[in-house]
1. Between a residue in the stretch 255-276 that is touching a residue at least 24 places away in the same chain (Cβ under 8 Å) and any residue that is open to solvent by 30 Å² or more (accessible area, probe 1.4 Å) and outside any helix (DSSP H, G or I), which pairs come within a Cβ distance under 8 Å, given they are 6 or more apart or on different chains?
2. Going by the conditions given, is residue 178 small (Gly, Ala, Ser), touching a Phe, Trp or Tyr at 6+ places or on another chain (Cβ under 7 Å) and surrounded by 17 or more Cβ atoms within 10 Å (Cβ to Cβ)?
3. Consider the stretch 129-164. How many of its residues are open to solvent by less than 40 Å² (accessible area, probe 1.4 Å) and part of a strand (DSSP E or B)?
4. Hey, any hits in the stretch 193-212 for a residue that's among the aliphatic types (A, V, I, L, M), in a helix (DSSP H, G or I) and over 27 Å from residue 91 (Cβ atoms)?
5. Would you be able to tell me the number of residues in the stretch 236-249 that are open to solvent by 50 Å² or more (accessible area, probe 1.4 Å) and either touching a residue at least 40 places away in the same chain (Cβ under 8 Å) or in contact with a helix residue (DSSP H, G or I) (Cβ under 7 Å, 6 or more places away or on another chain) (or both)?
6. Among the listed residues 181, 173, identify the single one that is in a loop (DSSP other than H, G, I, E, B) and either under 24 Å from residue 260 (Cβ atoms) or at pLDDT below 95 (or both).
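The values are calculated or read from the model by the stated rules, or taken from the named source; none is laboratory data. The model shown is predicted, which means the values in this text are computed figures rather than measured ones. Ideal geometry is used to build each Cβ from the backbone, glycine not excepted, and the neighbour counts take in all protein chains shown. We work out accessible area using only protein heavy atoms, side chains counted, and drop any ligands, DNA or RNA first. Shrake-Rupley method; radii C 1.70, N 1.55, O 1.52, S 1.80 Å.
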Amino acid sequence: MTARLESLTRPSPSDDYRGNTRHRSIGFGLGLVGLLLATVTLIANLAAAAGVETDPVSAAETLAWSFGLTTVAFATIKVAIALVLVGILVRLWWRVESVKASLATLRSPSPGAGRGAGTLETLYGPATLTATTPPPLPVHTMAKTMWFPMLAMGAMAVLIGFIASLVWAGDTTSQAAAAWTQGLQFLGEGMILSGIAFLLGSILAGLRSGGGEVQETLGLPVTTLKMPTTAKLFVVLMAMGLMVSIAQFILYLAASGAPGATGFAAWSAWLGPFRELGLGLILAGIVMALVTIGNVLGFQFSRIRDIITTGQ
């Protein structure tokens, strides 16, 4: 499974790096589709608001299916983001191959003294010195394995939730339909965001492995940053957010059996913010991942400069 997913993101070294991976174009198109769907729901809700006093039943029906469609729109845009990230991952590996080829000619002809294995401090944090590229961390292996299943399961949950919203629109008093719609769709949103987070983890894994491969190819000791605090926070926040997304789905199912509309409303009053907390935690983790990627890129640019100027 991991090998098959790896083939989606790591092209052959012989591939032309100038080629179009099509990820960006497809992602851009999906993003426009998501924006169009969101616009449709806005127009529908404006119409429902205008007629809520004269025809409250039709307004309630519109708000039910438009809730489902709005979530589909958000999910579509998130999948578009994921596709663009896959394209970035492919470009990253093309960059690794090009740096391997170019550094061999740019490297100083008078390298300095070699460095032994161990640890050292850099401007970007502590790093390790090894003779070969270090193996991927367990979290990197998980990221490369799980990004696609998370995206697929998340999209499926959102679509099933949209179908439930149509049932809800047909019977706006149905607590079960309302609960399944909200629980399923926000479970799907959490999974899709987790898939994006796993893709960012795959980019970090690619930077780590690719940087090691470049140094190993040149016959140099491999300098690799240790896992920074921001990366650890990324993992913790993403895991917490995904657990909250799963918990809110279970709690919505429990809420569907609440006695009467008042009981269901009491559950819904706090379940709404709770489900948003799950998405917020995952998004906070994504922020930490982006900060980590920036730090790693800074380290690698510094490392390339050192190789060119000192040979080490």
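1. From residues that are touching a residue at least 24 places away in the same chain (Cβ under 8 Å), the pairs are 261/173; 264/256.
2. Numbers: small (Gly, Ala, Ser): yes; touching a Phe, Trp or Tyr at 6+ places or on another chain (Cβ under 7 Å): yes; surrounded by 17 or more Cβ atoms within 10 Å (Cβ to Cβ): yes.
Yes, satisfied.
3. Step one: list which residues in the stretch 129-164 are open to solvent by less than 40 Å² (accessible area, probe 1.4 Å), which gives 129, 133-134, 140, 143, 145, 147, 149-151, 154-155, 157-158, 161, 164.
Keeping just the survivors that are part of a strand (DSSP E or B) gives 129.
Counting residues in the stretch 129-164 that are open to solvent by less than 40 Å² (accessible area, probe 1.4 Å) and part of a strand (DSSP E or B) gives 1.
4. Filtering the stretch 193-212 down to residues among the aliphatic types (A, V, I, L, M) leaves 193, 196-197, 199-200, 203-205, 207.
Going one step further and asking which of them are in a helix (DSSP H, G or I), we end up with 193, 196-197, 199-200, 203-205, 207.
From what is left, the residues that are over 27 Å from residue 91 (Cβ atoms) are none.
Among the residues of the stretch 193-212, not one is among the aliphatic types (A, V, I, L, M), in a helix (DSSP H, G or I) and over 27 Å from residue 91 (Cβ atoms), which makes the answer no.
5. Going residue by residue through the stretch 236-249, those that are open to solvent by 50 Å² or more (accessible area, probe 1.4 Å) are 236, 240, 243, 246.
Those still in the list that are either touching a residue at least 40 places away in the same chain (Cβ under 8 Å) or in contact with a helix residue (DSSP H, G or I) (Cβ under 7 Å, 6 or more places away or on another chain) (or both) too: 236, 240, 246.
Qualifying residue count for the region: 3.
6. Values: 181 fails: in a loop (DSSP other than H, G, I, E, B).
After ruling out the rest, the residue left standing is 173.
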